[in-house]
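Since the structure comes first, as structure tokens, the remarks are kept for the end.
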Number of protein chains: 2
Amino acid sequence: MIKNMIIGQSGGPTAVINSSLAGAIEYGLQSEKIGKIYGMLNGIEGLLDNNIVNLTEMFRSLPHELNRLKHSPAMFLGSCRYKLSGEEEEFKKIFKVIDAYNIGYFIYIGGNDSMDTVLKLSDYARENGIDVKVVGIPKTIDNDLVGIDHSPGFGSAAKYIATCVREVAYDTSIYSIKSVHIIEAMGRDAGWLTAASVLARQDNMPAPHLIYLPEVPFSVEQFKEDVKKKLEEYNSVIVVVSEGIKDKNGKYISAKQDKGDDRFGHARLSGTGAYLKSVIENEVGCKVRALEPSVLQRSAGHIASLCDVNEAFNLGSVAVRAAEEGQTGVFSTLRRTSNKPYCVEYLTENVATVANMEKTVPREWINEEGNDVTQEMVTYLRPLIRGVVQTPFRSGLPDYIDIRHLDVKKQRYSD
Amino acid sequence: MIKNMIIGQSGGPTAVINSSLAGAIEYGLQSEKIGKIYGMLNGIEGLLDNNIVNLTEMFRSLPHELNRLKHSPAMFLGSCRYKLSGEEEEFKKIFKVIDAYNIGYFIYIGGNDSMDTVLKLSDYARENGIDVKVVGIPKTIDNDLVGIDHSPGFGSAAKYIATCVREVAYDTSIYSIKSVHIIEAMGRDAGWLTAASVLARQDNMPAPHLIYLPEVPFSVEQFKEDVKKKLEEYNSVIVVVSEGIKDKNGKYISAKQDKGDDRFGHARLSGTGAYLKSVIENEVGCKVRALEPSVLQRSAGHIASLCDVNEAFNLGSVAVRAAEEGQTGVFSTLRRTSNKPYCVEYLTENVATVANMEKTVPREWINEEGNDVTQEMVTYLRPLIRGVVQTPFRSGLPDYIDIRHLDVKKQRYSD
């Protein structure tokens, strides 16, 4: 019997979540087992609120838009930060909607929390004899998911950060005065993205000169010494720090600035980089800038990694194929089979192995001093940023797809 | 008689100063009147220190590198912030080096201060009967030069800022909660770059919702009201402010936060955006982020405007041709002859008309409320960001040229 499919996106944006969505839709449109493809607006919240669109109608009449979707950052369907309570009433509400839409395939793109949703829903369906296959598609710029060689979204953010370091290095190299630039990368507890800045170091470019990950306790004293030492050798020193570096007591460095008196009502600093800037300014005394690319690093579709885009797309297809074949409680994943040439194979794994777990950087991939990464890390990272995307441009700007521009109302389900 | 040419770069970086350098070198290599082409390292400072390279040897043996130079940001030859004292001794020192290298053509790429250098040197040469033609090539991301329709470097920075706004807008659109993003653009006294954020507003995208230029006095109270009003209509409000906005007494808004007590040694905020973030957090109370693209906006060669790259290249050629033809004390410039289709013509103008002057945004191109720009501004800006550059990539990263990788020592002049 033909059943319909529903798909949603959840968590924080990346440059390639829509690539996975495009891969899932493309596979679904061609499947003989799958009827209509629905999209939840704002993830599971959209499901609960019956905020659902018909993606089959949307993309069957606009097939070229599927390629634009593949190359558009953020989340076409919108996101949510909704963690299932696990209560019976909530499950009943969800499966009532699933039944109303005759859903047989439930696909969810997201990170750790979303994989928890996949786990809970698949367990509930199984335990209650409901014939719905629930499959996850992984994503996160943080690269902290277990059960996968690297997370879709990470390669593009990595390419963005490495490009920033290179462009900042060119920018600062023009003067013959001493300067320090501190770039703060995302990744609260896992330092993968910070580590990826090392890729800028090709063609004898020494930047970044120092790299600090949250996996190693951070000492402000040691940091000052490290910077001073590098300034002896280089005019312009570029430092990349994770937003989540902590001191030996586990306290975030970014929290250090919060102890000040704010009775004057002036704002407190929020960034780790901004705090370290003040340290260098006050105690080393050269020109210092702190740069926080913030959300730009996760939504820069115009400089996404083609490798990342294609893998995300494939993981979307693989997930729908798995559901179609009857798998449930799994997520699509990839395994690196070779580094030279870089090859991966696609498969599925039990979602229970990834939900609510976190993969941090192994200590042996960080140098002994804790201010750089090792060659193993470089070898691991290098292939992930390869390939140049052909971002569609119009009137000089990236021409991304936007659900608000398609006639969504027409596609809304009504019974 | 064949004379040599020398060229230098000065001031802050842009994405296309090297395009102008490439245009000047290409023209110079083909000229029958021009002998060797020398480059000053770090501008006029390099000239004074005899820190000079032979660009003819460098690029004649590596012709394909000239195209790479055209597409590399920042400054191949390095920069300086050196203002001529105007003293006789300094002039004598400069012209002694010029004589030693048999220079007949002196080309200088830069902003206001550099045009002052061109003016002083050309005046001195003329008054002292020295046969050296001194010609400037304009550049600045700020677009505040007079005597030119728009400055090379501005279009690329404008494209970067507009792209940022679009990508941030996609990033923030995914949640259905209220949020404010404040993007701080460069341009201390001229709001052109901030204004260029308006270009993001194509395809019914409402972002940026508010735009504040330094040309209009900024009221924090009015700002809060503006933001509140926009939040009634939109979930996600994106504001672009110039780093140089000032209150009605002419005091920089960014200076407001400096009044606090810093006896605890914690750092002070430096950014206008960061200050306004605290205002909204404290008094409107929704999620707020401040983004400061900082130097990334001026050195992002990977998303430069092709229109800008080509115009900068042509202005380089035009300047050398003018010098070759015997003009001095001029700079190469462009005039817009048509908007639809967009056309420019190249010419030269007396450098005395631009040196030390500043072109700010006319009040009538800003809306009455002072929180947006008018359609005239959009019409002026639109063509300047057009065209996609084919940035050379290698191993996944932009493959920019770097003088440190060429064998510079060999090219050094020695007598």
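Some points to look at:
- Only a single item in (1) modelled with pLDDT of 95 or more; (2) surrounded by fewer than 22 Cβ atoms within 10 Å (Cβ to Cβ); (3) more than 28 Å from the chain's Cα centre (by Cα) is not met by A:Val216, and it is number (3).
- For segment B:121-141, residues that are under 21 Å from B:Leu315 (Cα atoms) and in a helix (DSSP H, G or I) total 2.
- Selection count where residues are within 23 Å of B:Asp142 (Cα to Cα) and either over 28 Å from the mean Cα position of the chain (by Cα) or surrounded by fewer than 24 Cβ atoms within 10 Å (Cβ to Cβ) (or both), scope segment B:1-10: 0
- Leading residue by the ranking (surrounded by the fewest Cβ atoms within 10 Å (Cβ to Cβ)) among those in segment A:323-354 that are touching a strand residue (DSSP E or B) at 6+ places or on another chain (Cβ under 9 Å), of a type in the set (A, V, I, L, M, F, W, C) and under 18 Å from A:Val132 (Cβ atoms): A:Val330
- Selection count, segment A:169-186, where residues are assigned to a helix (DSSP H, G or I), touching a residue at least 12 places away in the same chain (Cβ under 8 Å) and either of a type in the set (S, T, N, Q) or touching a helix residue (DSSP H, G or I) at 6+ places or on another chain (Cβ under 6 Å) (or both): 1
- Any chance A:Ala319 is of a type outside the set (Asp, Glu) and touching a Ser or Thr at 6+ places or on another chain (Cβ under 6 Å): yes
- Hits in segment A:347-390 - residues which are of a type in the set (Gly, Ala, Ser) and out of contact with any Asp or Glu (no Cβ under 6 Å at 6 or more places or on another chain): A:Ala352, A:Gly370, A:Gly387
- Evaluated against (1) open to solvent by 10 Å² or more (accessible area, probe 1.4 Å); (2) within 14 Å of chain A (Cβ to nearest Cβ); (3) on the phi > 0 side of the Ramachandran plot, B:Gly147 falls short on exactly one condition, (2).
- Check on B:Ile44, away from every other protein chain (no Cβ under 14 Å), within 28 Å of B:Gly129 (Cα to Cα) and touching a Phe, Trp or Tyr at 6+ places or on another chain (Cβ under 9 Å): no
- Considered as a group, the residues in segment A:174-184 that are open to solvent by 10 Å² or more (accessible area, probe 1.4 Å) and within 7 Å of chain B (Cβ to nearest Cβ) include one that is nearest to the chain's Cα centre (by Cα), and that residue is A:Tyr175.
- Any hit, segment B:368-386, residues being within 14 Å of chain A (Cβ to nearest Cβ), crowded, with 17+ Cβ neighbours inside 10 Å and assigned to a loop (DSSP other than H, G, I, E, B): yes
- First in segment A:57-81 and of a type in the set (Asp, Glu), second anywhere and surrounded by 14 or more Cβ atoms within 10 Å (Cβ to Cβ) and part of a helix (DSSP H, G or I), Cβ under 8 Å, 6 or more apart: A:Glu57/A:Gln411; A:Glu65/A:Met58; A:Glu65/A:Phe59
- Verdict on A:Val227 being open to solvent by less than 20 Å² (accessible area, probe 1.4 Å) and more than 28 Å from the chain's Cα centre (by Cα): yes
- Filter result (modelled with pLDDT under 95, closer than 12 Å to B:Val146 by Cα and not in a helix (DSSP H, G or I)) within segment B:306-358: B:Val354, B:Ala355, B:Asn356, B:Met357, B:Glu358
- Residue match in segment A:250-268 (condition: over 30 Å from A:Glu167 (Cα atoms), modelled with pLDDT of 85 or more and away from every other protein chain (no Cβ under 11 Å)): yes
- Residue tally, condition facing chain B (nearest Cβ under 9 Å) and within 29 Å of A:Tyr105 (Cα to Cα), over segment A:302-319: 2
- Scanning segment B:198-219 for residues that are outside any loop (DSSP other than H, G, I, E, B) and away from every other protein chain (no Cβ under 11 Å) gives B:Val198, B:Leu210, B:Ile211, B:Tyr212.
- A:His150 vs. criteria at pLDDT 95 or above, outside any helix (DSSP H, G or I) and within 13 Å of the chain's Cα centre (by Cα): yes
- Test result for A:Thr337, away from chain B (no Cβ under 14 Å) and β-branched (Val, Ile, Thr): yes
- Look at (1) facing chain A (nearest Cβ under 10 Å); (2) open to solvent by 30 Å² or more (accessible area, probe 1.4 Å) and you find that B:Tyr170 fails only one, number (2).
- The residues of segment A:275-312 that are over 30 Å from A:Thr333 (Cα atoms), touching a residue at least 24 places away in the same chain (Cβ under 8 Å) and out of contact with any His (no Cβ under 6 Å at 6 or more places or on another chain), listed by number, are A:Leu276, A:Lys277, A:Val279, A:Ile280, A:Glu283, A:Val284, A:Cys286, A:Lys287, A:Val288, A:Ala290, A:Leu291, A:Glu292.
- Taking the criterion of being within 19 Å of B:Thr391 (Cα to Cα) and either more than 8 Å from chain A (Cβ to nearest Cβ) or not in a helix (DSSP H, G or I) (or both), the residues of segment B:280-301 that qualify are B:Gln297, B:Arg298, B:Ser299, B:Ala300.
- Residue match in segment A:83-101 (condition: under 28 Å from A:Asn18 (Cβ atoms) and among the polar types (S, T, N, Q)): no
- Flag for A:Ile161 being hydrophobic (A, V, I, L, M, F, W, C), crowded, with 24+ Cβ neighbours inside 10 Å, within 11 Å of chain B (Cβ to nearest Cβ) and in a helix (DSSP H, G or I): yes
- Within segment A:312-322, the set of residues being open to solvent by less than 10 Å² (accessible area, probe 1.4 Å) and either under 17 Å from A:Arg126 (Cβ atoms) or not hydrophobic (A, V, I, L, M, F, W, C) (or both) comprises A:Gly316, A:Ala322.
The values are calculated or read from the model by the stated rules, or taken from the named source; none is laboratory data. Predicted model, so just to flag it, every value in this text is computed and none were measured. Cβ: placed from backbone, ideal geometry, glycine included. Neighbour counts: every protein chain shown. The protein model used for the area step is the full one, side chains on, heavy atoms only, and it has no ligands, DNA or RNA in it. Shrake-Rupley method; radii C 1.70, N 1.55, O 1.52, S 1.80 Å.
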